[in-house]
Amino acid sequence: MNQKMLEKWMDEGQVTLPQVLVKNYTAIGLTEVEMMLILQIQSFAADTELFPSMEMLTERTNLRLEETIKTMDSLLKKGMIAIEQSQDASQMISERYSLAPLWGKLVALYENIEAADRQEKQVEKQTNLYSLFEGEFGRPLSPMEAEMLSAWLDQDKTSPDLIKEALKEAVISQKLNFRYIDRILLNWTKQGVKSIEDAKRIAEEFHQNGRTTQTINKDEVKKSAGSIPLYDWLEKRKG
């Protein structure tokens, strides 16, 4: 590479676009030609030319002037770019292209992706929760039980982890039924339980205060036929 050419490029500066835009421009509705004009707008801005004319943009592309005008009009209508006006101290009005709407669309895209990912993980947790209850009860859930479990999740907005912890308490107390689990969750709600740590603290206080009729060794709790061991649903087995 010619060193003088390299120095010239360095002097002119470097035009960059976020990698997120390069990867997702089609997802937000940009065509290759529109993407190319956005790059040119950025390039002009780096040279402090904030409002290049259609002719100036055309000179840097293989487009005809009519195509440049049509493409820029499309970018404006799609809300990818905007034209902003400003006024200096001498009351002179100037215009510039703004890419703020484009960045807003990218942010919205990633927020939607993250929301979809959270929803997918939530559905997976709920599916695992149903399987967990069926395994612990040793049978399929009845329609009423399934409806109650769904209500805890959807209406009460109880986290799957707290429901698991309530199931654990029911197993320890040898009262494996939905009404008992519902009372546990209701009691936790009244006491402001928001996390697993809160639930464990309340449960420990409950047992230490002698409210249980007997001390139960968790490893010796009898399980219903076909159910899984006590700790399998609490912790993943290693190995």
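The values are calculated or read from the model by the stated rules, or taken from the named source; none is laboratory data. Computed from a predicted structure; not experimentally measured. Neighbour counts are summed over all protein chains in view; Cβ atoms, including those assigned to glycine, are modelled from backbone coordinates with ideal geometry. In case anyone asks, the SASA skips ligands and DNA or RNA and just uses the protein heavy atoms, side chains included. Shrake-Rupley method; radii C 1.70, N 1.55, O 1.52, S 1.80 Å.
Which residues, taken from the range 136-165, are open to solvent by 20 Å² or more (accessible area, probe 1.4 Å) and of a type in the set (Phe, Trp, Tyr)?
PHE137
Inspect the range 138-146 for any residue being within 29 Å of the chain's Cα centre (by Cα) and at pLDDT 90 or above and give the result as yes or no.
Yes; the residues of the range 138-146 include at least one that is within 29 Å of the chain's Cα centre (by Cα) and at pLDDT 90 or above.
Which members of the range 153-167 meet the condition of being of a type in the set (Asp, Glu) and either within 18 Å of ARG179 (Cβ to Cβ) or not in a helix (DSSP H, G or I) (or both)?
ASP156, GLU165
From the set of residues in the range 143-175 that are touching a residue at least 12 places away in the same chain (Cβ under 8 Å) and either in contact with a Ser or Thr (Cβ under 7 Å, 6 or more places away or on another chain) or of a type in the set (Lys, Arg) (or both), which is farthest from GLU124 (Cα to Cα)?
The qualifying residue farthest from GLU124 (Cα to Cα) is SER173.
When the range 129-152 is examined, which residues are found to be more than 20 Å from ILE184 (Cβ to Cβ) and in a helix (DSSP H, G or I)?
SER131, PRO143
State all residues of the range 56-104 that are over 37 Å from the mean Cα position of the chain (by Cα) and exposed (fewer than 10 other Cβ atoms within 10 Å of the Cβ); if no residue qualifies, say none.
ASN62, GLN87, ASP88, ALA89, SER90, GLN91, MET92, ILE93
Could you grab me the full set of residues in the range 168-190 that are closer than 15 Å to HIS207 by Cβ and not in a helix (DSSP H, G or I)?
Answer for the range 168-190, where residues must be closer than 15 Å to HIS207 by Cβ and not in a helix (DSSP H, G or I): SER173, GLN174, LYS175.
If we only count helices (runs of 4 or more DSSP H) wholly inside the range 1-119, which ones have 3 or more residues that are modelled with pLDDT under 95?
Correct list: 3-12, 19-24, 32-46.
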